[in-house]
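The values are calculated or read from the model by the stated rules, or taken from the named source; none is laboratory data. From a predicted model like this one, the values you see are computed outputs, not experimental measurements. Note that each Cβ is placed from the backbone with ideal geometry, even for glycine, and that neighbours are counted across all protein chains shown. Calculation scope for accessible area: heavy atoms of the full protein, side chains included, ligands and nucleic acids excluded. Shrake-Rupley method; radii C 1.70, N 1.55, O 1.52, S 1.80 Å.
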Amino acid sequence: MKLRFAPSPTGYLHVGNARIAVANWLLARRHGGRFVLRFDDTDTARSKPEFAAGIEEDLHWLGLDWDESFRQSDRIARYEAAAEKLKKSGHLYPCFESEEELRFKREQRQKQGRPPVYDRAALKMTPEQYERALANGKQPYWRFKLSMRSVEWQDGVLGRRAVKLPPISDPVLIRADGSFLYTFTSVVDDLETGITDIVRGEDHVTNTGVQIDILEALSGKPNMIRFAHLPLLTDAEGGQLSKRLGSMGLRQLRRDGIEPPALVGYLAALGSSQDPVAAPPAELAAGFTLEKLSRSSARFDPAQLLALNRRYLHGLDFASVRDRLPEGADEAFWLAVRGNLDLLGEARDWWEVAHDPIAIPAQPDEAEFLRQALEALPPEPWSEETWGAWTKALGATTGRKGKALFLPLRRALTGEEHGPELRLFLPVIGRARAAERLTRAAG
């Protein structure tokens, strides 16, 4: 198997096209195949090198690698050769109509109750008319003559699919300036680089019918490539996700602190009945299959992703996060706070709570209890047993228990009502800071 991910370097990755990349990579690795990164940069006005570099960086961040990589802009000679082949076979034909003329034709057909399909008037052009147009300074653009048939294939996700070609306008494959459109260059690349399977979004189904027709015209062979189309993602409410990137862009998710294994695991399970598992791509490949995906749209729910990210963080050991924690953070700190994190960046907040001056909420009704707590504060060294011994002794002398015992202490020691387990967090705070905070809290 040989699969490809073919982003256009006109922007950065978002969760929709990242899902396509993940699916192609997992399938290729599961079957011992090859994975190709191809930049579809025929849109020279919008394609930028910095976007291409950013896409590579984001793929590496996800844990994806590739066996081959190339840019379409480096293969112009191959497209020219393929175009000549289609011209000679009569599949490509020149056109000179302006956009205004085409718009008028579409409007006329619609008024007549007919579909606004190109009427193939250019096919009736004589050689003399063609030469006269050239002599008058016009440059042709080239359309592909679609077959008058229904193209069918067995889709890897959607099942049997068919696209009727007669209601579709012959696609323009070459612009008047000689540049090539994606519909054509993709087919040439897929054919010449030996792609066996194409996995992409459901919005490409009609385009697949057209591309199969072009593919067969170039190769003379049917069914050369298997296709699978993933149903499009919706937001948590079932609305169209679209490219309202913002929070759905990989760069924003990365800045927010989402862990790559959580995102990859979530994207891999989207649309299936499987519970997502946060893991590096290499660990997910063996269990990934298109057969488990539903034909219905899949909901991308940031809350579910965050929950998966939380579970992943809670299981990480200190060595795997050491270089991303605040300077000075040790294993004791990490073990104390990891169970309270949604995002790794929140560890810095708890580092500041443990080590920096903090605001202590006023607790006038608890002043006497807090003074008793200060007097009973055990001497150092402290360990995980310190909190239990201290609070047990306080409970015995004050008669307090449960929330009445623990909540005033948490407020005084951390300034918060919720947070890390104090059995682990109290030694991180240390006796000197704990005593100072109790003193301030007691007034």
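For this structure, a couple of remarks:
- Using the Cβ-Cβ distance between residue 133 and residue 48 with R0 set to 25 Å, the FRET efficiency works out to roughly 0.10.
- One entry in (1) 178; (2) 198; (3) 246 is volume of the Cα convex hull per residue in Å³ calculated from the shown coordinates; its label is (2).
- Gyration tensor (alpha-carbon) shape descriptor, the stretch 280-337, a/c threshold 1.5: prolate
- The chain: calculated mean residue ellipticity at 222 nm from DSSP helix runs of at least 4, using -39500 (n - 2.57): -13500 deg cm²/dmol
- A cut-off under 14 angstrom between Cβ atoms defines the neighbours of residue 108, and their net charge, with Lys, Arg +1 and Asp, Glu -1, is +1.
- Helix 386-398 and the longest principal axis of the C-alpha atoms of the chain enclose an angle of approximately 50°.
- The packing ranking of peptides 427-436, 183-192, highest mean first, is 183-192, 427-436, where packing means the average number of other beta carbon atoms within 10 angstrom of each residue.
- 12 Å beta-carbon shell around residue 238, net charge (K/R +1, D/E -1): -2
- Angle in degrees between helix 346-355 and the longest Cα principal axis of the chain, rounded to the nearest 10: 20 degrees
- Here's the picture: charge each Lys and Arg Cβ at +1 and each Asp and Glu Cβ at -1 in the chain, and of 267, 178, 22 the one pushed furthest to the positive end of that dipole is 178.
- Between residue 69 and residue 343, the simple spin-label model (points 7 angstrom out along Cα→Cβ) gives 2.7 nm.
- Cα gyration tensor shape for the stretch 256-305, rounded if a/c is under 1.5, else prolate or oblate: oblate
- Annotation for residue 431 and residue 416: the two label points, set 7 Å from Cα along the Cα-Cβ direction, are 2.6 nm apart.
- Folded to 0 to 90 degrees: helix 302-314 orientation relative to the chain principal axis, Cα: 50 degrees
- Surface exposure of the stretch 43-148, expressed per residue as accessible area with a 1.4 Å probe, stands at 62 Å².
- The stretch 18-128: radius of gyration over Cα atoms, expressed as a fraction of 2.2 N^0.38 Å: 1.60
- Estimated FRET transfer efficiency (residue 423, residue 272; beta-carbon r; R0 45 Å; 0.05): 0.70
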